[in-house]
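The values are calculated or read from the model by the stated rules, or taken from the named source; none is laboratory data. None of these values were measured; they are calculated from a predicted model. Positions of Cβ are generated from backbone atoms using ideal geometry, with glycine treated the same way; all protein chains shown enter the neighbour counts. Please note that ligands, DNA and RNA were not included when accessible areas were found on the heavy atoms of the full protein model with its side chains. Shrake-Rupley method; radii C 1.70, N 1.55, O 1.52, S 1.80 Å.
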Amino acid sequence: MKYTGTLILTFLMFMKMFSQVGINTATPKSTLDVNGDLALRKALSVGGTDVVNGDKGSVDQVLVSKGAGQPPVWRYANIPFMENSQYKLINTYLKTDQTGITTLSNSVAASSPVTSNLNEDFDPAKWVKITGLSIPVEIKASQNKITYQVQSGAELVNKVAGAGSSVNFICGIFKNDKLVALRPDGITAIDTAPTQSIFTLNYTEENVPIGNYTVDVACRKISSSDVANNYFRIGVNIPTYGPTPILTNNSSNAFSLRSLLKIDIAELVTYTN
């Protein structure tokens, strides 16, 4: 016991004599310089004084540096920690449009064929873009997931009282004018009252090559029960309709039928030693 007390006293005297103490190093560079692993079995307190205990932090807080000469502080992290091999959301793009598509209406014939294939080129003779939804995106990592979400209203008005009319259409997502996702839909109107519907498309691509891309949404009409006797629009309302008398459409507006494109880019998290 006497030997232990002498050793402690010697160590304390050594700390008084020298302003820096090194463990496993003969040339310490700070007040305490540990050259090796540090096992901490109790709380870590920071910012204390000779008479006041330091801050031990709270659950889920991390230690943040305030710069040279300043004690670090405990802070809550604003982003979640990601485990190895999980996907982390890197970027989100969002655009809305109230102009829509008005050129597929009455007297416009359906395009053919009635089917489309993934990776086909954009053909302006068949497809019409919703120009306000065009989004440039950048892919920076080869292991990724790109999620597309499209929503748009559609409206149909039949010109002939007492009759029905229907239109079938396809809307798709084009990346650099190559079709990467599509979904068919249809709308039916009875009598001359405006009828609305909501089109949605959700799709995820994996491991898109690194590079810059332009993403567009486009639609095309694939069939119509009566080409000459209906009004049809996507992403915008039909403000007036007839033939006689000309009526004002009070059941919808451009805002309620607006189009939306959202793109989420996630990258695979990998840690290296």
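Going by Cα centres, the stretch 102-160 and the stretch 224-270 are how many Å apart?
Here the answer is 13 Å between Cα centres.
Give the calculated FRET efficiency between Val52 and Asp264 to the nearest 0.05, with a Förster radius of 41 Å applied to their Cβ-Cβ distance. Display every interim value, and only then the final one.
Values: r = 47 Å, r/R0 = 1.15.
Step by step, r from the Cβ atoms, then E = 0.30.
Can you pull a Stokes-Einstein diffusion coefficient for the stretch 47-201 at 37 °C (0.692 mPa s), Rh from Kirkwood over Cα pairs, as a whole number of µm²/s?
Details: Rh = 21.1 Å.
My calculation gives 156 µm²/s for D.
Show that you can apply the helix-only estimate: for the chain, add -39,500 (n - 2.57) for every DSSP H stretch of four or more residues, divide by all residues, and state [θ] at 222 nm to the nearest 500. Before the final figure, lay out the partial values.
Working: 1 runs with 16 residues, N = 273.
Counting only the DSSP helices, I get -2000 deg cm²/dmol.
Please name whichever of Phe174, Trp127, Ile263 sits farthest to the positive end of the charge dipole of the chain, dipole taken about the Cα centre and charges placed at Cβ: Lys and Arg +1, Asp and Glu -1.
Farthest towards the positive end: Ile263.
Using every alpha carbon pair in the stretch 185-273, what percent of pairs falls into each 10 Å bin from 0 up to the bin containing the largest distance?
10, 35, 24, 15, 10, 4, 2, 0
Can you give the convex hull volume of the alpha carbon atoms of the stretch 187-232 per residue, in Å³? Display every interim value, and only then the final one.
Working: hull volume 5.5 nm³, N = 46.
Hull volume over Cα atoms, normalised by residue count, gives 119 Å³.
Students often check this: by mean Cβ neighbours within 10 Å, which of 34-44, 235-245 ranks highest, and how do the rest follow? Walk me through the intermediate numbers first.
Values: 34-44: 8.0, 235-245: 15.2.
Output ranking for 34-44, 235-245: 235-245, 34-44.
List the extent of the Cα atoms of the stretch 155-195 along each of their three principal axes, largest first, rounded to whole Å.
Projected onto the principal axes, the Cα atoms of the stretch 155-195 cover 44, 12, 11 Å.
What's the whole-number percent of alpha carbon pairs in the stretch 123-273 lying beyond 18 angstrom?
That tail contains 61 percent of the Cα-Cα pairs.
Any idea of the accessible area per residue across the chain, 1.4 Å probe, to the nearest Å²?
Working: 16850 Å² over 273 residues.
So the chain comes to 62 Å² accessible per residue, rounded to a whole number.
Along the charge dipole of the stretch 137-199, Cβ charges K/R +1 and D/E -1, which of Ala161, Ser197, Ile139 sits furthest on the positive end?
Farthest towards the positive end: Ile139.
What is the P(r) of the stretch 103-175, as percent of Cα-Cα pairs per 5 Å bin from 0?
All Cα pairs considered, the percentages come to 3, 8, 20, 20, 18, 12, 8, 5, 3, 2, 1, 0.
Expressed as a whole percentage, what fraction of the accessible surface of the stretch 137-273 belongs to carbon and sulfur atoms when a 1.4 Å probe is rolled over the protein heavy atoms?
Details: 3010 of 6070 Å².
Within the stretch 137-273, the accessible surface is 50 percent carbon and sulfur.
Taking the Cα centre of the chain as origin, sum charge times position over the Cβ atoms of Lys and Arg (+1) and Asp and Glu (-1), and report the length of that vector in debye to the nearest 20. Provide the component values of the computation, followed by the final result.
Working: 23 positive and 21 negative charges, 156 e Å.
Charge dipole, the chain, about its Cα centre: 760 debye, nearest 20.
So what is the orientation-averaged projected area of the chain, using the convex hull of its C-alpha atoms, in nm²? Numbers along the way, then the final one.
Details: hull surface 97.1 nm².
Average of the hull's projected areas for the chain equals 24.3 nm².
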